[in-house]
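The values are calculated or read from the model by the stated rules, or taken from the named source; none is laboratory data. Just so you know, these numbers come straight off a predicted model, no measurement behind them. Please note: Cβ atoms are built from the backbone with ideal geometry, for glycine as well, and neighbour counts cover all protein chains shown.
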Amino acid sequence: MSLGAFLADTRQQLEAALANTLSHSANPKLKAAIHYSLLGGGKRLRPALVRAVSQLIGASKDTWLIPAQAIEMIHVYSLVHDDLPAMDDDDTRRGKPSSHKRFNEATAILVGDALQAEAFHLLANDSRLSDQQARAMIALLANHAGCNGMVAGQLFDLEAEGKKLVPEQLERLHRLKTAALIQAAVLMGAHCLPHPDEQLLSLLGDYAQALGLGFQITDDILDATGSSDQLGKPEGSDDQQNKTTYVSLLGLSRARSEAAEQIKQAQQAVLSLPNAEASLLLQIADFVLTRQL
Ligand code: GRG
């Protein structure tokens, strides 16, 4: 299957599963607001990573779907909260009004809260996962999303507004804010098999860290060079918020080389894997570098 077909098929299966999962919400307004936020586009990169890794290690066919939904829920909660006036204050996301613009701030906060709870609820209740697998995935996701991952990075990001960061500070911020969740996606994919090999986990962890940083540097380049129509959010928003980015720190040309370097490192980490399915991980890495949104 080509990467394009793989991504399209992953998106279709994921969205069908998410639509089904959402049908149980008790509050119609909450349900509508979650539906709007969760099913309104997006590349579905993290679910694709869960599936690609689960295929690579030969996990049974549909095991990826629950962790894929869970990680996308955490990702979408972070986008909804990130767009709020108290955070990045963005009016558009994925080419549409942000959730707090379409509904209101309180509803957008609650959408994020509900998605976070739902992600862990899904993992705790799936009969395809053994208790041990569910526990491993819950611990992984909580760790990478929370105090030692994305939330910690988000606060570093907010604290950095108007300050000039040095490269080490910028890297720490993005390893937490962006790369940690990408790493969680890859490692949850590995836990689709009941007892993943430690050496494999280590290689995949290296792949994901470099991929996550490459993803963020590319995001900074797109923010500086893309149009808002293309991005589905205002272009140049990092600049307007007076944030240090890889582009402001290194310049466009060196930022491009650094993104390419990280993607090369990600690919090298999985080149030693004996399985032809690793080619999907190599192609996803190329996609992260060459994407236009
Ligand atoms: C609010 C706890 C909390 C965290 C927010 C993810 C995040 C942290 C902020 C989003 C701001 C941002 C532009 C981060 C850079 C990298 C990133 C996560 C971009 C968005 O991810 P994509 O490109 O989005 O995968 P789609 O819409 O394709 O799912």
Candidate set from the stretch 117-141 (those that are touching a residue at least 60 places away in the same chain (Cβ under 8 Å) and not in a helix (DSSP H, G or I)); member that is nearest to residue 61 (Cα to Cα): 128
Looking at the stretch 52-62, which of its residues are buried (at least 22 other Cβ atoms within 10 Å of the Cβ) and either within 16 Å of residue 37 (Cα to Cα) or among the polar types (S, T, N, Q) (or both)? 54
Just one of the numbered conditions (1) modelled with pLDDT of 95 or more; (2) in contact with a Pro (Cβ under 7 Å, 6 or more places away or on another chain) is not true of residue 228; which one? (1)
Unique match (being surrounded by fewer than 16 Cβ atoms within 10 Å (Cβ to Cβ), modelled with pLDDT of 95 or more and more than 11 Å from the ligand (Cβ to nearest atom)) among 106, 68: 106
Of the residues in the stretch 153-199, those that are surrounded by fewer than 17 Cβ atoms within 10 Å (Cβ to Cβ), closer than 22 Å to residue 135 by Cα and in contact (Cβ under 8 Å) with a residue 24 or more places away in the chain come to 194
Residue by residue through the stretch 14-43, note down the ones that are buried (at least 17 other Cβ atoms within 10 Å of the Cβ) and either polar (S, T, N, Q) or outside any helix (DSSP H, G or I) (or both). 21, 37, 42
Of everything in the stretch 87-102, what is closer than 23 Å to residue 161 by Cα and within 10 Å of the ligand (Cβ to nearest atom)? Give them in sequence order. 87, 88, 90, 93
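Take the residues of the stretch 83-102 that are in contact with a Pro (Cβ under 9 Å, 6 or more places away or on another chain) and touching a residue at least 24 places away in the same chain (Cβ under 8 Å): which is surrounded by the most Cβ atoms within 10 Å (Cβ to Cβ)?
Looking at residues that are in contact with a Pro (Cβ under 9 Å, 6 or more places away or on another chain) and touching a residue at least 24 places away in the same chain (Cβ under 8 Å), I get 90.
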Can you name every residue in the stretch 135-150 that is within 16 Å of the ligand (Cβ to nearest atom) and closer than 13 Å to residue 183 by Cα? 141, 142, 143, 144, 145, 148, 149, 150
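Please pick out the residue among 80, 50 that is within 16 Å of the ligand (Cβ to nearest atom), in contact with a Cys (Cβ under 9 Å, 6 or more places away or on another chain) and touching a residue at least 40 places away in the same chain (Cβ under 8 Å).
Only one candidate passes the filter, namely 50.
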For residue 2, state whether it is in contact with a Cys (Cβ under 7 Å, 6 or more places away or on another chain), within 25 Å of residue 212 (Cα to Cα) and polar (S, T, N, Q). no
